[in-house]
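The values are calculated or read from the model by the stated rules, or taken from the named source; none is laboratory data. Predicted model only: the values in this text are computed from it and were never measured. So basically every Cβ, Gly included, is an ideal-geometry build from the backbone, and we count neighbours across all protein chains shown.
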Amino acid sequence: MLLLGPSRDALSGVTTHVNSLLDSRLAGEFALEHFQVGSEGRAESAAARWLRLAASPFALAAAVLRRGAAVVHLNTSLNAKAWWRDLVYLLVAKACGARVVLQVHGGALDRFVFVLRAALRWPDAVVVLSRREHDAWRRLVPRQNVIVLPNGIDCAPYLKYKRTPSASGEPLRLVYIGRLAPAKGLAETIEALALARSNGVAARLVIAGSGPEEAGLRAMVRDLSLESEVRFSGPSVGEEKARLLSQADVLCLASYSEGMPYALLEAMAAGVVPIVTPVGGIPDVAQDGVHGAFVPVRDCDALAQAIAALARDRAALARMSAACRKQIAGAYSIERVTADFSSLYSSLCAPREVTWAP
């Protein structure tokens, strides 16, 4: 099994997914190998990047043929750069005789409708993260084998630390973990914090991550005089991330679009209550009022009101925290993910039926 994805050291949801499969019990059932694609985790010049792009289809073909890969598991996102690159990889894998699992990690489906109708007949299975995506893809390609396999995580690191929920009257501890990118709604989160504080709500925010929006977000914090309430802690991984989540009350993830964010699964596993937008696979994971609060995309007022409501009702916050942990342990564990992919890989490796003409 050849798994295509970014560098294993890159900080991204797809990297987290690929690493979780490579480190899971699947590696004991199948010969899993990683084939690196994309620029994440690489230090290269523009010329080197174009050279790599030109050579990578041939490198993939060589890897498939040399290693005798039965299945190529292609992890993609529906953005222009990734989709056109991965479409070439799909063609190469099929030309080399491998069966292809095309797993889609979010993106704008409507931008690629005309190309997708033809291209989506080629994979042997299409894996999506949510019921909403499943319905959309089935409408687009009714005869394709479209399967919902949500992400999952190892819950153990997030159960290690004893939670210390903040008491009534103490500032509500907000956290964001992930890339500092425009579509994550961080500008709205900071503005909502300012609105909540202007209405007498005590709350603080830790932003753990890096990315192209960092300078602008820091300037926004200064302009709103929130330097004492907002801390930029840089990227957080592994033990450091688990410790950070154990010290947080609420995850703020006001994204404009998502697949199924690992930050949400990890936070809920740690008992951190999410304030989220109902995009992508998020409504499959969390229920409004049970596990957290849903707010409309780009709605700073609604986000501020949700922060205020959770700051006022710490008993509800505690109930939601317990419900979050139960939800992730029950339905979004790495054990469930590996069992699902084991079944999928086994079905694709089964001998093809041969029909003899009379």
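Any residue at all in segment 77-88 that is aromatic (Phe, Trp, Tyr) and either in contact with a strand residue (DSSP E or B) (Cβ under 6 Å, 6 or more places away or on another chain) or within 23 Å of VAL126 (Cα to Cα) (or both)? Yes, there is a match, as at least one residue in segment 77-88 is aromatic (Phe, Trp, Tyr) and either in contact with a strand residue (DSSP E or B) (Cβ under 6 Å, 6 or more places away or on another chain) or within 23 Å of VAL126 (Cα to Cα) (or both). Residues in segment 281-296 that are in contact with a Pro (Cβ under 8 Å, 6 or more places away or on another chain) and crowded, with 19+ Cβ neighbours inside 10 Å: GLY281, ILE282, VAL285, ALA286, HIS291, GLY292, ALA293, PHE294.
Just a yes or no: is a residue in segment 146-164 under 22 Å from the mean Cα position of the chain (by Cα), within 20 Å of LEU303 (Cβ to Cβ) and not small (Gly, Ala, Ser)? Within segment 146-164 (the criterion being under 22 Å from the mean Cα position of the chain (by Cα), within 20 Å of LEU303 (Cβ to Cβ) and not small (Gly, Ala, Ser)), the answer is no, since none of the residues qualifies.
Pairing each residue of segment 56-79 that is closer than 14 Å to LEU32 by Cα with any residue that is acidic (Asp, Glu), provided the two are 6+ apart or on different chains, yields C-beta distances under 6 Å for LEU74/ASP86.
Residues checked against (1) surrounded by 15 or more Cβ atoms within 10 Å (Cβ to Cβ); (2) under 29 Å from GLU133 (Cα atoms); (3) under 17 Å from the mean Cα position of the chain (by Cα); (4) not assigned by TED's automatic domain parsing to the domain that holds GLN327:
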| position | (1), (2), (3), (4) |
| --- | --- |
| ALA202 | no, no, no, no |
| LEU205 | yes, no, no, no |
| ARG218 | yes, no, no, no |
| PHE232 | yes, no, no, no |
| SER236 | yes, no, yes, no |
| VAL250 | yes, yes, no, no |
| ALA254 | yes, yes, yes, no |
| ALA263 | yes, yes, yes, no |
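If you go through segment 150-170 and keep only what is within 21 Å of SER343 (Cα to Cα) and either crowded, with 21+ Cβ neighbours inside 10 Å or touching a Leu at 6+ places or on another chain (Cβ under 6 Å) (or both), you end up with PRO150, ASN151, GLY152, ILE153. Might you let me know whether segment 171-191 holds any residue that is crowded, with 16+ Cβ neighbours inside 10 Å, over 19 Å from VAL295 (Cα atoms) and more than 15 Å from the chain's Cα centre (by Cα)? The answer is no; no qualifying residue exists.
Only one of the numbered conditions (1) farther than 26 Å from ALA192 by Cα; (2) assigned by TED's automatic domain parsing to the domain that holds LEU186; (3) modelled with pLDDT under 95 is not met by LYS326, and that is (3). Per this entry, GLU133 is counted among residues that are modelled with pLDDT under 90 and buried (at least 21 other Cβ atoms within 10 Å of the Cβ). Within segment 280-291, does at least one residue satisfy the condition of being part of a helix (DSSP H, G or I) and among the small types (Gly, Ala, Ser)? No, every residue in segment 280-291 fails to be part of a helix (DSSP H, G or I) and among the small types (Gly, Ala, Ser). Of all residues in segment 10-41, those satisfying the criterion of being more than 18 Å from TRP83 (Cα to Cα), touching a helix residue (DSSP H, G or I) at 6+ places or on another chain (Cβ under 8 Å), assigned to a loop (DSSP other than H, G, I, E, B) and not hydrophobic (A, V, I, L, M, F, W, C) are SER24, ARG25, GLY41. Taken over segment 332-346, the criterion of being part of a helix (DSSP H, G or I) and either in contact with a helix residue (DSSP H, G or I) (Cβ under 8 Å, 6 or more places away or on another chain) or free of Cβ contacts under 8 Å to residues at least 24 places away in the same chain (or both) is satisfied by ILE334, VAL337, THR338, ALA339, PHE341, SER342, SER343, TYR345, SER346.
Within segment 79-97, the presence of at least one residue that is at pLDDT below 95, aliphatic (A, V, I, L, M), closer than 28 Å to SER333 by Cα and surrounded by 15 or more Cβ atoms within 10 Å (Cβ to Cβ) is confirmed. Restricting segment 277-301 to residues that are in contact with a strand residue (DSSP E or B) (Cβ under 8 Å, 6 or more places away or on another chain) and of a type in the set (Val, Ile, Thr) leaves a set whose member that is nearest to VAL104 (Cα to Cα) is ILE282.
Between ARG52, ARG85, ARG66, the distinction of being touching a helix residue (DSSP H, G or I) at 6+ places or on another chain (Cβ under 9 Å), part of a helix (DSSP H, G or I), of a type outside the set (A, V, I, L, M) and more than 17 Å from ALA119 (Cβ to Cβ) belongs to ARG52 only.
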